[in-house]
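**Student:** The structure under discussion is supplied below as structure tokens; questions concerning it will follow.
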């Protein structure tokens with residue numbers, strides 16, 4: 001097993017909350033604030049310690065959303081969530097500094113940037129100003145075109161170099177707590193995704209806690225004979241368990257109870273060895 005700065009006892013489960021009409025798995029289910037709050041309550045009861053709120057779909061082929069619309073979607077949910085669950089960390093999943101600032105002003109304490117600061121590097125200074133955590137994810141292009149024949153000479157090395165460079169920049173801007181995310185499914189083929197997960201210890205060895213999100217993603221469907229989204233739970237758990245064994249510190253999931261169960265099993269095994 002790869003060395004990790006956090007032990008298995010510190011692995012955290014991040015619950016996904018898309019307040020969008022078009023996300024690939026749960027689009028349209030929680031874009032009403034009351035429905036969103038009920039889902040937050042469910043995820044908290046099941047053991048999530050982070051809730052990641054997104055107001056713009058980043059599924060392959062998705063169209064961008066204006067900052068004003070994204071803010072309109074996420075503000076009431078984060079405000080209500082922080083007030084109701086002050087013990088839970090709220091994260092904003094956005095590529096825009098303007099949206100991140102609105103979320104941080106509402107009480108969010110983490111910014112999850114799927115563009116890895118490429119789209120709007122001002123988010124680093126913003127996180128430093130608010131003393132917020134920052135997740136830097138690797139991706140190629142924008143969601144609209146990221147799956148148009150992505151190419152790497154060495155995907156693991158190129159992703160690691162990108163993450164190291166962007167983390168160094170964020171540190172220079174004053175960000176204190178930085179996470180990396182290899183960006184499974186973001187500008188990668190199935191083979192690229194498998195190589196990143198198989199060699200995840202190389203990302204862990206950069207020295208930053210690693211977040212991995214493969215929940216219900218298309219790579220699972222491809223590996224399981226074109227399995228639809230609602231049949232990918234077992235594949236999700238298998239890949240996330242592998243990632244935790246490789247040293248991941250956060251797993252980002254739709255199915256919180258099952259993810260928390262897998263963390264508890266890993267903790268029990270590691271206490272025995």
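The values are calculated or read from the model by the stated rules, or taken from the named source; none is laboratory data. The model shown is predicted, which means the values in this text are computed figures rather than measured ones. No Cβ is skipped: glycine too gets one built from the backbone with ideal geometry, and neighbour counts run over all protein chains shown.
**Student:** Name the residues in segment 76-89 that are out of contact with any strand residue (DSSP E or B) (no Cβ under 7 Å at 6 or more places or on another chain) and either assigned to a helix (DSSP H, G or I) or crowded, with 24+ Cβ neighbours inside 10 Å (or both), would you?
**Tutor:** Residues satisfying the conditions are 76, 79, 80, 83, 84.
**Student:** Follow-up. Quick check on this structure: which one of 206, 196 is touching a helix residue (DSSP H, G or I) at 6+ places or on another chain (Cβ under 9 Å), in contact (Cβ under 8 Å) with a residue 40 or more places away in the chain and part of a loop (DSSP other than H, G, I, E, B)?
**Tutor:** 206
**Student:** To continue, here is another question. Looking only at segment 90-109, how many residues end up being outside any helix (DSSP H, G or I) and within 21 Å of residue 20 (Cβ to Cβ)?
**Tutor:** Matching residues across segment 90-109 total 10.
**Student:** Got a sec? Which helices (runs of 4 or more DSSP H) wholly within segment 209-273 have at least 1 residues that are out of contact with any helix residue (DSSP H, G or I) (no Cβ under 9 Å at 6 or more places or on another chain) and under 16 Å from residue 12 (Cα atoms)?
**Tutor:** 256-272
**Student:** Name the residue that is surrounded by the fewest Cβ atoms within 10 Å (Cβ to Cβ), counting only residues in segment 40-56 that are at pLDDT below 95 and under 29 Å from residue 10 (Cα atoms).
**Tutor:** Checking each candidate, the answer is 54.
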